[in-house]
2 protein chains.
Amino acid sequence: MKLCELGEKEIVRRLASFLDIGDDAAYIAHGKGFLLMSTDMMYEETHILPGMSYEQVGRFIVSVNASDIAAMGARPIAFLLACGNPPGMEYSDYEAMIRAADGQCRLYGMKFAGGDTKQAGKLTLSGFCVGYAEKPVLRSTAKPGDLVAVTGCLGDASLGADILLKGLTHPKAGPAIKKALEPSARVDAGLALGRYATAMTDISDSLAISLHDIAKMSGVAVKLYSEKIPLSDSSVRVARGLGLDIMDYALYGGADYELLFSVRPEDFGKVGSKVDATVIGEVSFGCGVSCVAGKKEHVLENRGFEHFKKPAQKLNKRG
Amino acid sequence: MKLCELGEKEIVRRLASFLDIGDDAAYIAHGKGFLLMSTDMMYEETHILPGMSYEQVGRFIVSVNASDIAAMGARPIAFLLACGNPPGMEYSDYEAMIRAADGQCRLYGMKFAGGDTKQAGKLTLSGFCVGYAEKPVLRSTAKPGDLVAVTGCLGDASLGADILLKGLTHPKAGPAIKKALEPSARVDAGLALGRYATAMTDISDSLAISLHDIAKMSGVAVKLYSEKIPLSDSSVRVARGLGLDIMDYALYGGADYELLFSVRPEDFGKVGSKVDATVIGEVSFGCGVSCVAGKKEHVLENRGFEHFKKPAQKLNKRG
């Protein structure tokens, strides 16, 4: 069986039968707490959006890795970058990318600690982030009765990416495009949520996939109220203007790098004062993820952006 | 200026003007000691030797990363692997590679903690290793009066690689080829040396480059007695039989992943009982690296395998 016939999720599921994997970041006990480690790759061919600058590439690879640490309620402390660069790449572009990555690390309070530089046919970046938490927040510990909430607004980044990939134009598309090109890791929110969230993950693939991950790994059912999903006014308008459905992006688009978490109802108020979070659903006994829209309830499809399933697909091009 | 016009060493030298880099692994203070972090990439096009199996690829990426941690006198504790895989790769090959990497991690006493799986045109592996040391051993702390020593034998791996790359045959070439395809990280030696070595690095690029690195970063002169370089009998014979010069491999070939270290003369005896090490030189006031062969002394060329300098060069194909 070839990897492209299996898809990323099935590959990871098979690996999980003999490896201890499944959360946003790996963790091991160290000292009085836990070390968290994450790695995320970017390829010129499949991950770099049209018009992305080298500075944006540098910031992007730091943010997506820091997001995995934030999603465990941990503090990122150091970042390494392994770069495969085409031999014809200009040094000035390379330095601009590294300086931007270094700056983004400082923004998240961690050290750009070095890396590796090799020659490759196409630009290839592997980021590696180390963090620390007294107690990491897992995906597998949501409890019936918990609320399900999300930080920020959803759908902006994948709408922006789709606009870039399809070559669309809209006078108000700037903020969505910016979120696609320059996502932020919710480091401060992750740290604040670390004390209260019962389970957590970042939304890198899609809200749907992240909800299914938490439901499956926690052995619970999740009900999503789609009308409660926080959307930005500007993306709602841009999508409408372009004849696109913003809900499709919010549910299945991914790349927002917001945090999805479960929390006990009595703790949500404590979270709310520190983090811009919105309750979008609830956890109950059972399994699976359902989506309530108005008076209708249906099973939420477990789909989003996934590697391997479709050769040569582009970031956030929805299936 | 393009990266291929600069070469890896010059690129790293330029980055070092604004980043804190220069040792085998990055380190940051954590708890009562230091966290060590290393990353090393492998590409199908430039790093995978003819005839290398997927299992060997899996072990290789773990060993070269663990070697960087060992070279700091630290204990490797966790490993992550970011894989870019061609979509047409067989899952069974992929799983064999991951299982072999997991097994090699256990051999070094560390946890295979997970990673990332993405689609790429060519097989691309980025390994990340985290270690811990009470006090890491740097390259920059050799002192005049120290002895210079090396673990194991040198030249085997690059001789073996060259035999594979040139398609040569020799009935006794097995051990050299095995060292090229399956290098070991000197984890136990690194830990034992951590208490005594005044400076240390692994020999990944070449002995010559590693000696120059220690001399330059420590602000000292190093004298190498080339006749003292430990060589394996079998590689000496194989090289002679093929009309090749084993000293050329030992000095400039690299890929042995042995440890090069400086140590105070009164401490070498303590090291010797725990580690298979050979004194090959000495540190003095001054700068640069000289090589004494018989009664002749000459400046040792600072060369070996270096990325970027020559597009499409192969692993260990000497310049």
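Brief remarks follow.
- Condition met for residue B:190 (of a type in the set (Gly, Ala, Ser), at negative phi and surrounded by fewer than 17 Cβ atoms within 10 Å (Cβ to Cβ)): no
Yes/no per residue for (1) more than 22 Å from residue A:190 (Cα to Cα); (2) within 14 Å of chain B (Cβ to nearest Cβ); (3) in a helix (DSSP H, G or I); (4) in contact with a helix residue (DSSP H, G or I) (Cβ under 8 Å, 6 or more places away or on another chain):
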position	(1), (2), (3), (4)
A:104	no, yes, yes, yes
A:135	no, no, no, no
A:149	no, no, no, yes
A:175	yes, no, yes, yes
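To keep it simple, each residue is scored yes or no on (1) more than 18 Å from residue A:214 (Cα to Cα); (2) among the small types (Gly, Ala, Ser); (3) outside any loop (DSSP other than H, G, I, E, B); (4) at pLDDT 85 or above.
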position: A:9; (1), (2), (3), (4): no, no, yes, no
position: A:19; (1), (2), (3), (4): yes, no, no, no
position: A:45; (1), (2), (3), (4): yes, no, yes, no
position: A:60; (1), (2), (3), (4): yes, no, yes, yes
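- Meets criteria (at negative phi and either free of Cβ contacts under 8 Å to residues at least 60 places away in the same chain or among the basic types (Lys, Arg) (or both)) for residue B:74: no
- Being at the interface with chain A (Cβ under 7 Å from one of its Cβ atoms), in a strand (DSSP E or B), buried (at least 19 other Cβ atoms within 10 Å of the Cβ) and in contact with a helix residue (DSSP H, G or I) (Cβ under 7 Å, 6 or more places away or on another chain) is a condition met by at least one residue of region B:79-91.
- Checking region B:99-111 against the condition returns a match, with at least one residue being more than 22 Å from the chain's Cα centre (by Cα) and either over 20 Å from residue A:30 (Cα atoms) or in contact (Cβ under 8 Å) with a residue 40 or more places away in the chain (or both).
- Take the conditions (1) over 21 Å from the mean Cα position of the chain (by Cα); (2) more than 9 Å from chain A (Cβ to nearest Cβ); (3) under 30 Å from residue B:167 (Cα atoms); residue B:4 misses just one of them, which is (2).
- Residue among B:269, B:241 that alone is over 15 Å from residue B:151 (Cβ atoms) and touching a residue at least 24 places away in the same chain (Cβ under 8 Å): B:241
- Subset of region A:106-133 (residues that are among the basic types (Lys, Arg) and outside any helix (DSSP H, G or I)): A:111, A:118, A:122
- Members of region B:135-159 that are over 19 Å from residue B:265 (Cα atoms), more than 15 Å from the chain's Cα centre (by Cα) and among the charged types (D, E, K, R): B:135
- Tally of residues being over 14 Å from the mean Cα position of the chain (by Cα) and under 27 Å from residue B:300 (Cβ atoms) across region B:195-213: 5
- Enumeration of residues in region A:15-29 that are within 7 Å of another protein chain (Cβ to nearest Cβ) and either more than 19 Å from residue B:106 (Cα to Cα) or of a type in the set (Val, Ile, Thr) (or both): A:21, A:28
- Among the numbered conditions (1) at the interface with chain B (Cβ under 10 Å from one of its Cβ atoms); (2) crowded, with 20+ Cβ neighbours inside 10 Å; (3) in contact (Cβ under 8 Å) with a residue 24 or more places away in the chain, the only one that residue A:32 does not meet is (2).
- Filter result (part of a strand (DSSP E or B), on the phi < 0 side of the Ramachandran plot and not acidic (Asp, Glu)) within region B:282-297: B:283, B:284, B:289, B:290, B:291, B:292, B:293, B:296
- Note on region A:35-63: residues that are within 21 Å of residue B:84 (Cα to Cα) and facing chain B (nearest Cβ under 10 Å) total 11.
- Restricted to region A:104-142, and to residues there that are of a type in the set (A, V, I, L, M) and at pLDDT below 95, the residue that is nearest to residue A:21 (Cα to Cα) is A:125.
- Residue within region A:15-22 that is in contact (Cβ under 8 Å) with a residue 24 or more places away in the chain, surrounded by fewer than 19 Cβ atoms within 10 Å (Cβ to Cβ) and under 16 Å from the mean Cα position of the chain (by Cα) present: yes
- One residue alone among B:96, B:100, B:66 is closer than 23 Å to residue B:191 by Cα, more than 9 Å from chain A (Cβ to nearest Cβ), part of a helix (DSSP H, G or I) and of a type in the set (Gly, Ala, Ser), and that residue is B:66.
The values are calculated or read from the model by the stated rules, or taken from the named source; none is laboratory data. Quick caveat: nothing in here was measured; it's all calculated off a predicted structure. With ideal geometry, Cβ positions are generated from the backbone for all residues, glycine too; neighbour counts draw on all protein chains shown.
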